[in-house]
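Trainee: The structure follows.
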Amino acid sequence: MRNHRPQNPAYALPDSDAVSAAVDEALAALHQAQQRIGRVMAVVTAAAVRDILTHNTPGAPFDAAHVELVATEDCALHATGRYWTADGTETSFTEAVGHVDGGNGVFDMNEWAPYLGRENSDVWKPLVTALPARHGMSVYRLDLVKAAALRLG
């Protein structure tokens, strides 16, 4: 086997200082965006629980204080439909609002909850209590009052 001389000149790259600065800037922006999506989706999760239990009526009373989330293999969180009232009573959306509305509510929540994952776990982990694992998945109880209080910016 023979080595051949290049027929075309090698492509040009910016100097290493410019590349390093661009990498640092991009990683900082990515981290900031991941933290923001974590805060926003924690608030959205709390709002989704409220909306399920009040049939999308902001200001209507509801009794949820915590909601159950499970983590998939890639660490993305998903709602199960299980929640706890302020007095600690465990129930579910299907028991509270019916099978169809409760199931649809969980489906809608799970459009957004998976944005809570490994990349922004330092945002949502302080808001949860770990529960015993189930079927090999980590299980958490999200404090809805703390989640709703997060700043969006």
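Trainee: Per residue, how big is the convex hull around the C-alpha atoms of segment 1-62? Give it to me in cubic angstrom, could you?
Mentor: 203
Trainee: Can you give the Rg and Dmax of segment 96-151 based on its C-alpha atoms, in angstrom?
Mentor: 13.0, 34
Trainee: OK, next. Once amide H atoms are placed 1.01 Å from N in the peptide plane, what residues at a sequence separation of 5 or more from Leu116, or on another chain, have their amide H within under 5 Å of its amide H?
Mentor: For Leu116, whose amide H was placed from the backbone, the distant partners under 5 Å are Leu77.
Trainee: Right, something else. Quick check: net charge around Pro58, other residues with Cβ under 13 Å of its Cβ, Lys/Arg +1 and Asp/Glu -1?
Mentor: 0
Trainee: Could you size up the charge dipole of the chain around its Cα centre, putting +1 on the beta carbon of Lys and Arg and -1 on that of Asp and Glu, and report it in debye to the nearest 20?
Mentor: Dipole magnitude for the chain comes out near 380 debye.
Trainee: Of the options Gly81, Phe93, Asn3, report the single residue whose Cα projects farthest towards the positive end of the charge dipole of segment 1-117 (beta-carbon charges: Lys, Arg +1; Asp, Glu -1).
Mentor: Toward the positive end, the furthest listed residue is Asn3.
Trainee: Plugging the Kirkwood radius over Cα pairs into Stokes-Einstein for segment 36-102, at a temperature of 4 °C and a viscosity of 1.567 mPa s, what D comes out in µm²/s?
Mentor: The calculation lands on 103 µm²/s.
Trainee: Hey, another quick one. When the Cα atoms of the chain are enclosed in a convex hull and the volume is divided per residue, what value in Å³ results?
Mentor: For the chain, the hull spanned by Cα atoms encloses 210 Å³ per residue.
Trainee: Could you compute how much accessible surface Arg36 exposes when probed at 1.4 Å, giving the result in Å² to the nearest 10?
Mentor: 120
The values are calculated or read from the model by the stated rules, or taken from the named source; none is laboratory data. Note that the coordinates shown come from a computational prediction; the quantities given were computed from them, not determined experimentally. Note that each Cβ is placed from the backbone with ideal geometry, even for glycine, and that neighbours are counted across all protein chains shown. Note: areas computed on protein heavy atoms with side chains; ligands, DNA, RNA excluded. Shrake-Rupley method; radii C 1.70, N 1.55, O 1.52, S 1.80 Å.
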